[in-house]
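The values are calculated or read from the model by the stated rules, or taken from the named source; none is laboratory data. The model shown is predicted, which means the values in this text are computed figures rather than measured ones. Every residue, glycine as well, gets a Cβ built from its backbone with ideal geometry; the counts of neighbours run over all protein chains shown.
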Amino acid sequence: MDKRTVIAVVLAVVVIIGSMIVQQRFFAPEQPTTVAEPADGGPQPVVEEQPAEAQTAEGAEQPPVAEQPSVPGTATGEMALVTDQQIEEQTFTLETEVFRVGFTNRGGQITSIELKDFSNTDGSPVEMIFSQDSGINPFSFRFGGVDTPPVDALFQVERSLIGAGVTFSRTFRSQTGVPFTLKKSYLLQPRDYMIELRVSIENSINEYPALNYNGYAYTLGFGPQIGPEFEKLDRRNEFREYLYYADEKRENVRMKQESKQIDRRVTWAAIAGKYFAVIAVPDTTQYLITYDTRPIEGLNEQSSLYFSRPEIKSARSTDLFRFYVGPKKQDVLKSYNDAEKNAYKLSNMHFEETSTRRFFLTNWLAEVLKFFLELFYRLIPNYGVAIILVTVLLKVLLFPLTRKSYESTARMQTLQPKINELREKYKNNPQKLNQEMAQMYKKEGVSPLGGCLPMLLQFPILIAFYSLLNTHFALRGAVFIPGWINDLSAPESVISFTPIQILSFEFGAIRALPFIMLVTTFLSSKLMQSPSTDASGRNMKMMTYMMPIMFFFILYNMPSGLLLYWTMQNIFTVAQQWYINYRRQKKNAGGGADLGPLKRKK
């Protein structure tokens, strides 16, 4: 290949790799959002003193109302408790066929959601709540907006006698002195990954409690982070996507350690990870939706979702929320499109949009790859073997193009003396040189880019495989070789140690596959190398060494399934090149010109 061809290949590599980065980080346009701003004041709720003579049945004095810190310039959301008995703190667990859910009556919150059908690498069930030392739990309740403190009062508990359900209740007094009862009623169905929550505010004397703190009655939150547990969100081993579905269309919200708000009616709002997601389905009330990724004390990576309810203008009000907390498995997600396939009779929810790829070429190729991957897996139940068989299939399908590429490369080598003559003859006239070379290529029936075509075709497949490994749930924890490659969706390692940061490259383990890939990529490039000693030949030699090194660093920390595919396609490419070179040399030894299988035109 000449210098222009080398430049074209380099630019193509840069563009394709850049597109992969853009796809992962910036593929969705930022939706119109409103950045959360501090409230500008407003009516403050009154914290009433509890009567000193208020006693329990045992004669014990009622605990005073805990003071809560206020946010300058905002409603604090503090509320007076109306109590007639001592309430003890309780924690308990409700269990279904798919869930093991831990509850606390402090704030009427959930402390744990274990998925019984899915395990971590150590065999423990997947935990969908990741709070670390933040002290925050999902389904927190705040009087007012997002920035008000959560209610941490102890609630009365009423367990359901039939099924997995529980109701938490507590009576408060509003800023206007009107008493009301707050109820949080949870319901779990036997084989459903959805948790139903009804939030009721009831006034027994049919009087309006005037719940309006800077425009909002209350805020319900899910946070501070969804599970499973992770070390960091590196977009390879784990990531977070912030989505909502409105007007039959999925929208992405791009976040970067900030808070953003969606002020429109939505079908659902979600926080999606690599293999699991939390999808919140509100009722028809137009809530203000807030996504919050700002670091908090005890947790560096926050991913919270809040629903702020507008002012309540009635004596009795019940709001309904449903939260899907489970795997991003297509069959499970699509069950909510058919009312007969889920316990809550939901239809046309399109939860599968949480795992849909948005890049058209990658989406199409990934679906094709997934089809054949599953086909081969049914024949041999090992996804590593299935990836190798898919690689063989791709090499067979692309062999006609690969053969033409080898022929074109061989033909270009035979034309090298003529190319050198033209360069010497027109060294002071670049325009004429280009014209003459174009005419020669046309006359000889070759293309200077013909030898690069198979290489360029590998990049979309590489991106599609990466996309498939990051979205296909069946590959989670898929073992290829026990003790070495235990998870094809994650990087393999021989020796792990404390990560070392070298510029933008993180070196935290010695991995075998990247080194095997480096050697096989080098061999593949070496066999394609032109023997020419001119400038283009020297450039090609540089590419022979630089390309493998570049891919070594790019793919070092990528999923092992991706490295397995790239390594195997290198091995098969080396075998093909060796065979074609052997056939050409054998033919040349018989007296033929070094033209390869391509015959000269008469």
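Of the conditions (1) modelled with pLDDT of 85 or more; (2) closer than 15 Å to Gly561 by Cα, Ala509 fails just one. Which one is it?
Going through (1) modelled with pLDDT of 85 or more; (2) closer than 15 Å to Gly561 by Cα one by one, Ala509 breaks only (2).
Which residue pairs have Cβ atoms under 9 Å apart, sit 6 or more places apart or on different chains, and have a first residue in the stretch 478-490 that is farther than 12 Å from Gly561 by Cα and assigned by TED's automatic domain parsing to the domain that holds Leu513 and a second that is among the hydroxyl-bearing types (Ser, Thr, Tyr) and assigned to a loop (DSSP other than H, G, I, E, B)?
Pairs found: Trp484/Ser493.
Matching residues to (1) modelled with pLDDT under 60; (2) assigned by TED's automatic domain parsing to the domain that holds Leu456; (3) in a loop (DSSP other than H, G, I, E, B); (4) in contact with a strand residue (DSSP E or B) (Cβ under 6 Å, 6 or more places away or on another chain):
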| site | (1), (2), (3), (4) |
| --- | --- |
| Ser525 | no, yes, no, no |
| Ser536 | yes, yes, no, no |
| Phe551 | no, yes, no, no |
| Asn557 | no, yes, yes, no |
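Among the residues that make up the stretch 134-149, is at least one of them assigned by TED's automatic domain parsing to the domain that holds Leu220, on the phi > 0 side of the Ramachandran plot, surrounded by 15 or more Cβ atoms within 10 Å (Cβ to Cβ) and not basic (Lys, Arg)? Steps first, answer last, please.
Quick first cut of the stretch 134-149, residues assigned by TED's automatic domain parsing to the domain that holds Leu220 only: 134-149.
Now restrict to residues that are on the phi > 0 side of the Ramachandran plot: 135, 139, 144.
When the remaining residues are screened for being surrounded by 15 or more Cβ atoms within 10 Å (Cβ to Cβ), the result is 139, 144.
Adding the requirement that they be not basic (Lys, Arg) leaves 139, 144.
Within the stretch 134-149 (the criterion being assigned by TED's automatic domain parsing to the domain that holds Leu220, on the phi > 0 side of the Ramachandran plot, surrounded by 15 or more Cβ atoms within 10 Å (Cβ to Cβ) and not basic (Lys, Arg)), the answer is yes, since at least one residue qualifies.
Residue by residue through the stretch 238-251, note down the ones that are surrounded by 14 or more Cβ atoms within 10 Å (Cβ to Cβ) and more than 17 Å from Glu301 (Cα to Cα).
If the condition is that a residue be surrounded by 14 or more Cβ atoms within 10 Å (Cβ to Cβ) and more than 17 Å from Glu301 (Cα to Cα), then Leu243, Tyr244, Tyr245, Ala246, Arg250, Glu251 are the ones that fit.
Taking the stretch 315-341, which residues are touching a strand residue (DSSP E or B) at 6+ places or on another chain (Cβ under 9 Å) and farther than 18 Å from Phe118 by Cβ?
Taking the stretch 315-341 first, the residues touching a strand residue (DSSP E or B) at 6+ places or on another chain (Cβ under 9 Å) are 315-328, 332-333, 336.
Those that are touching a strand residue (DSSP E or B) at 6+ places or on another chain (Cβ under 9 Å) and farther than 18 Å from Phe118 by Cβ: Ala315, Arg316, Ser317, Thr318, Asp319, Leu320, Phe321, Arg322, Tyr336.
Exactly one condition in (1) modelled with pLDDT of 80 or more; (2) under 27 Å from Asn570 (Cα atoms) is false for Asn420; which is it?
(2)
Part of a loop (DSSP other than H, G, I, E, B) and closer than 16 Å to Gly221 by Cβ, is that true of Arg294?
yes
Exactly one condition in (1) outside any helix (DSSP H, G or I); (2) modelled with pLDDT under 90 is not met by Leu488; state its number.
It fails just one condition, (2).
In the set Arg265, Arg235, Arg254, which member is farther than 19 Å from Val325 by Cα, surrounded by fewer than 20 Cβ atoms within 10 Å (Cβ to Cβ) and over 17 Å from the mean Cα position of the chain (by Cα)?
Sole residue among the options that is farther than 19 Å from Val325 by Cα, surrounded by fewer than 20 Cβ atoms within 10 Å (Cβ to Cβ) and over 17 Å from the mean Cα position of the chain (by Cα): Arg265.
Run Pro209 past the list (1) over 29 Å from Thr91 (Cα atoms); (2) surrounded by fewer than 22 Cβ atoms within 10 Å (Cβ to Cβ) and report the number of the one that doesn't hold.
For Pro209, the exception is condition (2).
Could you pull out the residue among Ser200, Ser160, Ser169 that is closer than 24 Å to Tyr324 by Cα, surrounded by fewer than 19 Cβ atoms within 10 Å (Cβ to Cβ), modelled with pLDDT under 90 and in contact with a strand residue (DSSP E or B) (Cβ under 7 Å, 6 or more places away or on another chain)?
Ser160 is the lone residue from the list that is closer than 24 Å to Tyr324 by Cα, surrounded by fewer than 19 Cβ atoms within 10 Å (Cβ to Cβ), modelled with pLDDT under 90 and in contact with a strand residue (DSSP E or B) (Cβ under 7 Å, 6 or more places away or on another chain).
Can you tell me which residue in the stretch 203-218 is farthest from Pro179 (Cα to Cα), limited to those that are assigned to a loop (DSSP other than H, G, I, E, B) and among the aliphatic types (A, V, I, L, M)?
Looking at the filtered set, the residue picked out is Ala210.
Say whether the condition of being more than 30 Å from Pro482 (Cα to Cα), charged (D, E, K, R) and either surrounded by fewer than 18 Cβ atoms within 10 Å (Cβ to Cβ) or modelled with pLDDT under 95 (or both) is met by at least one residue in the stretch 358-377.
Looking through the stretch 358-377, at least one residue is more than 30 Å from Pro482 (Cα to Cα), charged (D, E, K, R) and either surrounded by fewer than 18 Cβ atoms within 10 Å (Cβ to Cβ) or modelled with pLDDT under 95 (or both).
Can you pull out every residue in the stretch 368-415 that is of a type in the set (S, T, N, Q) and farther than 30 Å from Glu444 by Cβ? Working first, answer last.
Start the filter on the stretch 368-415 by keeping residues that are of a type in the set (S, T, N, Q), which leaves 382, 391, 402, 405, 408-409, 413-414.
Correct list: Asn382, Thr391.
When the stretch 115-140 is examined, which residues are found to be outside any strand (DSSP E or B) and either closer than 30 Å to Trp484 by Cβ or in contact with an Asp or Glu (Cβ under 9 Å, 6 or more places away or on another chain) (or both)?
Of everything in the stretch 115-140, those that are outside any strand (DSSP E or B) and either closer than 30 Å to Trp484 by Cβ or in contact with an Asp or Glu (Cβ under 9 Å, 6 or more places away or on another chain) (or both) turn out to be Asn120, Thr121, Asp122, Gly123, Ser124, Met128, Phe130, Gln132, Asp133, Ser134, Gly135.
State the number of residues belonging to the stretch 108-136 that are out of contact with any Gly (no Cβ under 7 Å at 6 or more places or on another chain) and under 29 Å from Gln86 (Cβ atoms).
3
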